[in-house]
Structures are given as C-alpha cells and as structure tokens.
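J.: Here it is: the structure, laid out below.
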Amino acid sequence: MAGGGVTGLVVDLSVRGRLDAAFAVPAGAVVAVVGPNGAGKSTLLGALAGALAARGTARLGDVDLMRLPAYRREVGLVFQDRRLFPHLSALDNVAFGLRSRRRPRKAARATAMEWLERLGVAELAGRRATDLSGGQAQRVAIARALVTQPRLLLLDEPFTGLATDTAEALRSTLATHLSSYDGTTLVVTHDDRDVAALAERTLTIEDGRIVGDGGREPSR
C-alpha cells in the first residue's frame with residue numbers, strides 16, 4: 001500500500017538537548033516507542049516528520065528524510081489530539097493531502113471516501129470536524145494519514161482520551177489495516193494494550209536515548 005516501493009527505515013539523528021537515537025526498522029514492521037513522559041518519544045516523531053529541526057540521517061531506502069522538506073517526506077502522521085481542520089468536512093479533511101499534491105478535486109474526494117469507508121465512517125463524510133466525537137475524529141485522522149500511501153506512518157498516542165470500548169474498536173480496525181501496510185510504522189504509546197495489539201517490537205526511550213530494543217511474536 002505504501003508509495004515508492006517497500007523500504008525500511010534507518011535512523012541516526014539528534015535534536016539538541018532532547019534526543020540522540022539510532023536504530024533500524026525493516027519494511028512492514030510496526031514498532032512501539034515507549035518510555036516515560038518527556039523521554040523524547042514525540043520528539044523522535046516530530047524530527048522524522050520534519051516538524052522539528054534535527055541533525056543526522058533518517059533513511060527510507062535510498063532517501064534521506066533529513067534532506068527533504070516536510071511536505072516531500074511521504075510521512076503520514078496521526079496526533080493524539082487529531083488536529084483536523086475544523087472548517088472542513090470529514091471528507092475534505094481526508095482529501096486535503098491529495099489535493100495538496102495536485103490531485104484533481106473529484107479524484108481526491110473519491111479516494112478519500114474509499115478511506116472513510118475502510119475506517120468505518122463513510123456516513124460522516126459531510127460532517128464538519130467539530131461535529132465529530134473523539135473516536136470518529138481519530139478514525140478520520142487515521143484515514144487522512146493513510147490516504148496518501150505514505151512510506152512511513154507515525155502514530156502519537158493514537159487512542160489517548162478515547163473511551164475504553166471506542167479505543168478497543170479503533171485499535172482493532174487499525175491493526176487490520178497495518179497487517180497489509182508495507183511501509184514502516186512507529187507508534188508512540190503508554191498503553192500495553194497498544195503494544196500487544198499492534199507491534200511486534202518495542203523501542204524504549206529514556207532521557208532522549210534508546211535504552212531497550214525488544215521484539216515479540218506479533219498477535220495480529
């Protein structure tokens with residue numbers, strides 16, 4: 001599903017005073033990034049996405065993300081607070097990334113609708129982001145991240161603030177999609193349920209450094 005072919009991620013980067021990390025993730029892997037508050041987990045995602053200035057390299061195949069502006073990195077990012085555009089409908093939120101890549105409006109909206117259907121919220125296509133529940137908004141945010149077929153998917157506490165049953169349903173839906181995603185996924189989380197449902201490997205960060213790297217048999 002990811003664009004640009006199947007590629008793994010090789011990282012060796014730093015954010016001054018906040019992060020100094022080196023690791024490699026094979027294509028198709030889902031890796032949980034865990035650690036205490038302030039450890040550098042979200043800093044890592046921000047650096048990879050281009051939201052924070054960083055030194056070093058982060059290679060996806062033969063492409064170094066650090067040499068590209070954020071809009072050219074082929075990275076999908078889901079925030080814990082959703083960050084949907086409040087003035088746009090669910091459909092146009094999902095279509096936004098395609099439109100910014102100059103996809104014709106009709107084609108972009110058709111593809112966006114397909115992703116809303118996959119995430120189980122097609123009936124909300126015309127509803128404004130401000131009229132969505134937390135779980136609905138997060139499904140739209142995940143569809144928005146995946147619609148451009150990114151080579152790297154970054155999820156920052158994707159189920160935070162959701163009711164237990166809502167989070168469980170969304171976790172199951174996301175696990176289904178990740179099972180056929182051939183890009184690389186990093187999931188920042190404090191919840192062991194996320195690790196068990198989604199990831200086959202865990203990176204532990206403390207004080208901006210990776211202090212643990214463990215694998216397990218995936219449950220999905």
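The values are calculated or read from the model by the stated rules, or taken from the named source; none is laboratory data. Everything quoted here is computed from the prediction, not taken from an experiment. Note that we place each Cβ from the backbone using ideal geometry, even for glycine, and neighbour counts take in every protein chain shown. What goes into the accessible areas is simple: the full protein's heavy atoms, side chains included, and nothing from ligands, DNA or RNA. Shrake-Rupley method; radii C 1.70, N 1.55, O 1.52, S 1.80 Å.
J.: With respect to residue 3, determine if the residue is at pLDDT below 95, under 30 Å from residue 162 (Cα atoms) and of a type outside the set (Asp, Glu).
T.: Criteria not met by residue 3.
J.: Just to be sure I understand, how many residues within the stretch 114-131 are surrounded by fewer than 21 Cβ atoms within 10 Å (Cβ to Cβ) and either touching a residue at least 24 places away in the same chain (Cβ under 8 Å) or part of a loop (DSSP other than H, G, I, E, B) (or both)?
T.: 7
J.: Being under 24 Å from residue 58 (Cα atoms) and assigned to a helix (DSSP H, G or I) is the filter here; which residues of the stretch 163-191 pass it?
T.: Within the stretch 163-191, 178 is the sole residue that qualifies.
J.: Filter the stretch 6-21 down to residues that are surrounded by fewer than 21 Cβ atoms within 10 Å (Cβ to Cβ) and over 17 Å from residue 52 (Cβ atoms), then give me how many there are.
T.: The qualifying residues number 3.
J.: Follow-up question, since we're still on this one. When the residues of the stretch 71-111 are narrowed to those that are within 20 Å of residue 45 (Cβ to Cβ) and among the β-branched types (Val, Ile, Thr), which ends up surrounded by the most Cβ atoms within 10 Å (Cβ to Cβ)?
T.: Taking the candidates together, the pick is 75.
J.: Just name the residue that is nearest to residue 155 (Cα to Cα) out of those in the stretch 38-61 that are part of a loop (DSSP other than H, G, I, E, B) and touching a residue at least 40 places away in the same chain (Cβ under 8 Å).
T.: 40
J.: Now, a different point. State all residues of the stretch 163-190 that are open to solvent by 40 Å² or more (accessible area, probe 1.4 Å) and of a type outside the set (Gly, Ala, Ser); if no residue qualifies, say none.
T.: If the condition is that a residue be open to solvent by 40 Å² or more (accessible area, probe 1.4 Å) and of a type outside the set (Gly, Ala, Ser), then 164, 165, 166, 168, 176, 182, 190 are the ones that fit.
J.: May I pose another question? Select from the stretch 134-162 the residues that are within 13 Å of residue 177 (Cβ to Cβ) and assigned to a loop (DSSP other than H, G, I, E, B) and write down the one among them that is most open to solvent (accessible area, probe 1.4 Å).
T.: Among residues in the stretch 134-162 that are within 13 Å of residue 177 (Cβ to Cβ) and assigned to a loop (DSSP other than H, G, I, E, B), the one most open to solvent (accessible area, probe 1.4 Å) is 149.
J.: Let me ask another. Do you know which of the residues in the stretch 49-70 that are closer than 13 Å to residue 9 by Cβ, open to solvent by 40 Å² or more (accessible area, probe 1.4 Å) and charged (D, E, K, R) is nearest to the chain's Cα centre (by Cα)?
T.: 59
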